[in-house]
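One structure below.
The values are calculated or read from the model by the stated rules, or taken from the named source; none is laboratory data. Since the structure is predicted, the reported quantities are computational estimates derived from the model, not experimental observations. When we count neighbours, we look across all protein chains shown, and the Cβ atoms used for this are built from the backbone with ideal geometry, even at glycine. Just so you know, the surface numbers come from the protein's heavy atoms only, side chains and all, with ligands and any DNA or RNA stripped out. Shrake-Rupley method; radii C 1.70, N 1.55, O 1.52, S 1.80 Å.
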Amino acid sequence: MNFQSIASEYLSHGLCVLPAGRRKLPILEWEQYNDVMPSLDIFDVDCFGMALVCGKISGGVEVIDVDNKFRDSHLFFEKIIKYMGDTSSLFTINRTTSGGYHLVYQCDTIEGNQKLCMRENIFDWDYKRGKHPVLTILETRGQRGIIIIPPTQGYRTIQGSMFDIKTISTEERNKLIEYSKSLTEVEEVKRSFE
């Protein structure tokens with residue numbers, strides 16, 4: 001696949017993209033690209049896919065990452081879509097290689113990466129702590145965050161377009177973040193959000 005031509009399209013839409021490897025990370029030191037757009041030359045390499053640098057560098061892109069650690073990401077996804085109503089139509093939605101979802105939007109107000117919703121992994125036990133480990137189900141990818149994007153193998157856009165990411169209001173974003181936090185299933189985490 002010619003990632004250079006696809007990268008050119010992303011860059012022309014003001015999105016900061018980088019070549020990515022199989023481990024869902026850029027294949028180069030990427031922190032500098034939080035503040036500087038790359039040149040197409042960095043795609044003159046053999047890569048597995050493409051990463052998007054979220055945040056101000058990409059026009060205020062923020063993402064709700066719906067993980068599929070328990071094979072029920074569709075339940076959280078459906079709850080968010082239903083709760084957000086008409087605003088849901090503004091999201092660009094990508095399916096991930098693991099069966100999760102990325103809800104992509106732009107907003108004037110964004111923050112760094114945040115864990116929003118957690119669940120105990122009842123199928124595992126942390127002997128050192130004497131309890132089930134807690135896994136993140138919903139999190140944001142914001143300023144200084146990255147996601148893997150189409151056309152990376154296993155990633156596809158199912159709603160909207162990565163070349164036409166819609167803007168939601170600060171109020172809509174706050175509603176989305178607060179609702180996502182309310183879905184957490186770990187009481188001590190829930191209390192920390194209050």
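Between Ser88 and Asp41, what FRET efficiency comes out of the Förster formula 1/(1 + (r/R0)^6) with R0 = 45 Å and r the beta carbon distance, rounded to 0.05?
Numbers: r = 38 Å, r/R0 = 0.85.
With a Förster radius of 45 Å, E is 0.75.
Note down the relative contact order for the range 1-132 as a percent, whole number, built from C-alpha pairs under 8 angstrom at least six residues apart. Write down the numbers at each step before the final one.
Details: 171 pairs, mean separation 26.3, N = 132.
For the range 1-132, the relative contact order is 20 percent.
Between Arg71 and Val186, 0.36 nm times their residue separation minus their Cα-Cα distance comes to what? Provide the component values of the computation, followed by the final result.
Values: separation 115, 0.36 × 115 = 41.40 nm, distance 1.82 nm.
Taking Arg71 through Val186 to full extension adds about 39.6 nm, to one decimal.
Through the Karplus equation 6.51 cos²θ - 1.76 cosθ + 1.60, θ set to phi - 60°, convert the phi angles of the range 61-66 into ³J(HN,Hα) values in whole Hz; use x for Gly and Pro.
Each residue of the range 61-66 in turn: 6, 9, 9, 8, 9, 9 Hz.
Which peptide among 62-68, 151-157 comes first, and what is the full order, when sorted by highest mean count of other Cβ atoms within 10 Å? Walk me through the intermediate numbers first.
On the way: 62-68: 23.4, 151-157: 15.7.
The peptides rank, most packed first, as 62-68, 151-157.
Between helix 3-12 and the chain, what is the angle of the helix's C-alpha long axis to the longest principal axis, kept within 0 to 90° and rounded to the nearest 10?
Helix 3-12 and the main axis of the chain meet at about 80 degrees.
Please compute the per residue accessible area over the range 1-106 with all protein chains in place, 1.4 Å probe, rounded to a whole number of Å².
Details: 4970 Å² over 106 residues.
For the range 1-106, the per-residue accessible area is 47 Å².
Starting from the Kirkwood Rh over alpha-carbon pairs, what translational D in µm² s⁻¹ does the range 49-187 have by Stokes-Einstein at 20 °C and 1.002 mPa s?
The Stokes-Einstein estimate is 140 µm²/s.
Which cross-chain or sequence-distant (5 or more) residues have an amide H under 5 Å from the amide H of Gln159, H modelled 1.01 Å from N in plane?
Ile93
For Arg23 and Thr97, compute 0.36 nm times the residue count separating them, minus their Cα-Cα distance, and round to one decimal in nm. Please list the in-between numbers first.
Numbers: separation 74, 0.36 × 74 = 26.64 nm, distance 1.16 nm.
That works out to 25.5 nm of additional length.
Counting only protein heavy atoms and using a 1.4 Å probe, what share of the accessible area of the chain belongs to carbon plus sulfur, as a whole percent?
The nonpolar share, carbon plus sulfur, comes to 47 percent.
For a quick check of your reading of the filter: which trypsin sites (Lys or Arg not before Pro) in the range 6-104 sit in a DSSP loop and have no more than 10 other Cβ atoms within 10 Å? All intermediate terms of the calculation are to be shown ahead of the outcome.
Working: sites: Arg22, Arg23, Lys24, Lys56, Lys69, Arg71, Lys79, Lys82, Arg95; in loops: Arg22, Arg23, Lys24, Lys69, Arg71.
Passing both the DSSP loop test and the Cβ count: Arg23, Arg71.
Given the options Val104, Tyr10, Met37, identify the residue whose Cα lies farthest towards the positive end of the charge dipole of the chain (+1 on Cβ of Lys, Arg; -1 on Cβ of Asp, Glu).
Towards the positive end, the residue furthest out is Val104.
Using only the C-alpha atoms of the range 1-126, find the volume of their convex hull and express it per residue in Å³. List each step's numbers first, then the result.
Values: hull volume 18.4 nm³, N = 126.
Considering the Cα atoms of the range 1-126, their hull volume per residue is 146 Å³.
Only helical DSSP H runs with n ≥ 4 go in: add -39500 (n - 2.57) per run for the chain, normalise by residue count and round the 222 nm mean residue ellipticity to 500 deg cm²/dmol. Could the numbers behind the result be given before it?
Numbers: 4 runs with 42 residues, N = 194.
When only DSSP H runs of four or more count, the value is -6500 deg cm²/dmol.
Run the dipole for the range 49-189 about the Cα centre, Lys and Arg Cβ at +1, Asp and Glu Cβ at -1, nothing else charged, and hand back the magnitude in debye, nearest 20.
Values: 18 positive and 19 negative charges, 68 e Å.
So the dipole magnitude of the range 49-189 works out to roughly 320 debye.
Multiply the residue separation of His13 and Tyr179 by 0.36 nm, subtract the distance between their alpha-carbon atoms, and state the gained length in nm to one decimal. List each step's numbers first, then the result.
Details: separation 166, 0.36 × 166 = 59.76 nm, distance 3.01 nm.
Extra length available between His13 and Tyr179 comes to 56.7 nm.
Using a Förster distance of 35 angstrom, determine the FRET efficiency expected from the C-beta separation of Phe163 and Thr109, and round it to 0.05. Walk me through the numbers on the way to the answer.
Values: r = 23 Å, r/R0 = 0.66.
According to the calculation, E is roughly 0.95.
Could you sort Lys181, Lys166 by their accessible area in this structure, using a 1.4 Å probe and putting the largest first?
On the way: Lys181 35, Lys166 80 Å².
Ranking Lys181, Lys166 by accessible area, largest first, yields Lys166, Lys181.
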